[in-house]
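Comments concern the structure below.
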Amino acid sequence: MDPSLRIYGNPQPGETPNPGGAATGHRVLIDEELVESVAWLIRLRWIAGIGVILATWFVSKAFRVQVPTQPLLVIGIGILLYNIVFFLIERRYKKTIAPIESYRKLAFVQVGFDWLAMILLIHYSGGIESPAIFFLIFHIIIASIFFPQVTAFGFTILAIVLLALTASLEYFSILPHYAIGGYLDFPLYRNSLYVTGILVFFSCAALITAFLVTSIQKRMRQHEEEIVALTENLQIATSRLQALNDGAQAISSSLELQQVLDRLVKNTSEVMGVRACSIRLLTKTGERLEPVAVFGLSQNYIKKGPIELENNPLAREVLAGRIVNIPDITNTSLLQYPDWALHEGINAMLSAPLTGKNGPMGILRAYSDEQNWFTPDDEIFLAAIAAQGSIAIENALAYQAVEALDATKTNFIRTITHELRSPVSVTRSLLRTITAGYSGEVNEQQKDLIDRAIRRIDFLQKLIDDLLDLAAGKADLKSHEATEPVSLEEILQRVVDRFAAPAKEKGQALDWELQTDQPCMVMASPEGLDRIFNNLISNAVKYTPREGKVTVTLSRSDDDDARIVVEDTGIGIPEEAMEHLFEEFYRAPNAKEFEREGTGLGLTIVKDLVTRFGGRITVHSTPGAGTRFTVSLPLVSEKT
Ligand code: ADP
């Protein structure tokens, strides 16, 4: 039996806890067997008592054999009477759920009475000549099943002694001899050779029987114990595996650090059946441990004081990668605050390291009210939870870092663009004032230079606008939230009108086709929609050579979405550029060649906004022949 085996869970009220983890399952099984066997013996005894009475009657009346009927009947009735008493006692025991010790005593007294009845029966049925001697063997078998080997042998020797005593007393005529059948010439009970022979043979048979039965019984019990222990081990292993699996799923289902930590301590406490659990993580300087999640401990205890590695040998041990089991708080020099722990009612602790890719991160600790609570199995188990927990904590920490970085980046872009925006606008309008001649005559050469400056400034302005938009999208600005039903027709009309002049300038045909007579309302922000189509149509005009054609259509799809198609007969998009099209700052090589200016941010913003409004965007292009962007947006249902 593995001494480290333990039945997990908190002891119930009134139940003795299980310090050190001694197995109790097999005991329960053997005790149950004893309780059942006592009842079984009582049932058997009814048959024995009635059997003695019937046999006496049968032998004396049917076969007319001369037997001492009276004493034998008294023995039979006596057996039945004391069996009634045992029966009543056993019933009371069952009702009051008597302790197992009472059953053990009852079994002992029963066997004692049976022994006595048996010897009397033998005496009155012929002493050493009695055929009932063989029945003693049954009793020896029963005693060997019931009691441990030593007790069983004690009863066996008692049987031999009692039989020898009866035979001797009869031999020396101290006790009367009851002859069965009435022979007179050669009374065997007086034949010393016969008496000795029977006694020797009986003793050998009795001792061998006792030895065989107790040995078999012992082996069977051992097997039974092994099976029970194995089953218990298997149950514990299964439930722990299940718990570990559930825990892992619960813990890693979140990237929110505090949630991960809280779930970890709660799960660990529950699965290990302990009073409390805590996580302490190393501070950035690595000099101390801070409590970050606690389950089952008082606030006072948590705030007891800093855990500085310098003063805390336990923390140093654990962070070095060891699992430390402290079975008795009063008997360790590893703790920094042992009195606090005792005051909190903690008597044992088990600590495991939380280790990340870059070394130790902190400590996962389980606490128990009981001394010697944690077993070697628990150590392995806590280490497994800690390993799993470490991964979840690392993931959550990485996520937190990325989020922080993203926020910083977004803030940075917003600040920069805001700071740049006004000087650029001012410079632009000043330059326009100069070309308009408000500040005096400008010659052709100067005008050309200023126009070029204005074009550069325009590009800068667009870049700033795009960057600002991108940052706004990332920062979840209110301006991009879908707040109201917007008419697509109106927005598209406005944007197409905006590009009529530039398209005309390039000799392009810009067609606007409304292919539905129903209103197309979508939940979006008007500015966001404007931005989407402004980008798509401006790209179409930009990347289509002179004399080309740009077509914008609005229709309803079969699944009741609004479908907007912006199609051109332009330069197209090379196959290899397709997968990068919506990436920030990406521009296809043919686009760079065709048009020097461009930020590579427009489509990123478009995709972001379309997704935000619950829609989809797809692109189809044939290099050298043209491109078609299709945007689908969910329509606001007519009923709403
Ligand atoms: P930009 O137009 O400033 O370069 P966008 O994000 O708007 O940036 O577009 C990204 C890239 O997608 C463009 O550089 C170009 O390679 C490609 N592209 C977008 N629209 C078209 C189009 N209508 N025809 C051809 N290429 C296009």
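The values are calculated or read from the model by the stated rules, or taken from the named source; none is laboratory data. On a predicted model such as this, the values are computed, not experimentally measured, just so you know. Cβ atoms come from the backbone with ideal geometry, glycine included; neighbour counts cover every protein chain shown. Side chains included, ligands, DNA and RNA excluded: accessible areas come from the protein's heavy atoms. Shrake-Rupley method; radii C 1.70, N 1.55, O 1.52, S 1.80 Å.
Observations, loosely collected:
- Heavy atoms of the protein chains alone define the surface here; on that basis the chain has 54 Å² accessible area per residue at 1.4 Å probe size.
- Which of L430, V228, T630, positive extreme of dipole for the chain (C-beta unit charges): V228
- Proximal lysines to K95, defined as alpha-carbon separation beneath 21 angstrom and excluding residues fewer than eight positions away on the same chain: K105
- Taken as entire DSSP H runs, the helices of the chain that both span 20 Å or more between Cα atoms along their own long axis and average 0.0 or more on the Kyte-Doolittle scale are 25-57, 69-96, 100-124, 133-146, 149-171, 192-252, 376-435.
- Pairwise FRET efficiency - E441 versus L397, Cβ, R0 = 60 Å, nearest 0.05: 0.35
- Proximal aspartates and glutamates to K549, defined as alpha-carbon separation beneath 17 angstrom and excluding residues fewer than eight positions away on the same chain: D497, E505, D511, E513, E567, D568
- Annotation: extensible slack from S333 through D511 equals 55.5 nm (criterion: 0.36 nm per residue apart, minus Cα-Cα distance).
- Whole-percent carbon and sulfur share, accessible surface of the chain, 1.4 Å: 60 percent
- Measuring between alpha carbons in the structure, the pairs from K506/K542; K447/K504; K462/K542; K504/K607; K94/K218 lying more than 18 angstrom apart are K447/K504; K504/K607; K94/K218.
- Peptide packing for 151-162, 587-598 was compared via the average number of neighbouring C-beta atoms within 10 Å per residue; ordered from the highest value, the list is 151-162, 587-598.
- Using 0.36 nm per residue and subtracting the Cα-Cα separation, the extra length available between N411 and Q258 on full extension is 52.6 nm.
- In this label model, L175 and D497 are separated by 13.1 nm, measuring between points 7 Å along each Cα→Cβ vector.
- Dipole magnitude of the chain about its Cα centre (Cβ charges: Lys, Arg +1; Asp, Glu -1), debye to nearest 20: 1980 debye
- Dipole magnitude for the stretch 508-571: computed about the Cα centre from +1 point charges on Lys and Arg Cβ and -1 point charges on Asp and Glu Cβ, it is near 360 debye.
- With both residues required to sit in the chain, DSSP beta bridges show an antiparallel share near 90%.
- Computed P(r) (all Cα pairs; the chain; 10 Å bins; percent): 3, 11, 13, 10, 9, 10, 10, 8, 6, 5, 5, 5, 3, 2, 1, 0, 0
- Each of V294, H123, L463 was placed along the dipole of the chain (beta-carbon charges, centred on the mean Cα), and the one lying farthest toward the positive end is H123.
- The stretch between D458 and K357, if pulled fully straight at 0.36 nm per residue, gains 31.5 nm over its current Cα-Cα span.
- Residue among F108, Y194, F87 farthest towards the positive dipole end of the chain, charges placed on Cβ: Y194
- For the chain, calculated [θ]222 nm from helices alone, where every DSSP H run of n ≥ 4 adds -39500 (n - 2.57): -19500 deg cm²/dmol
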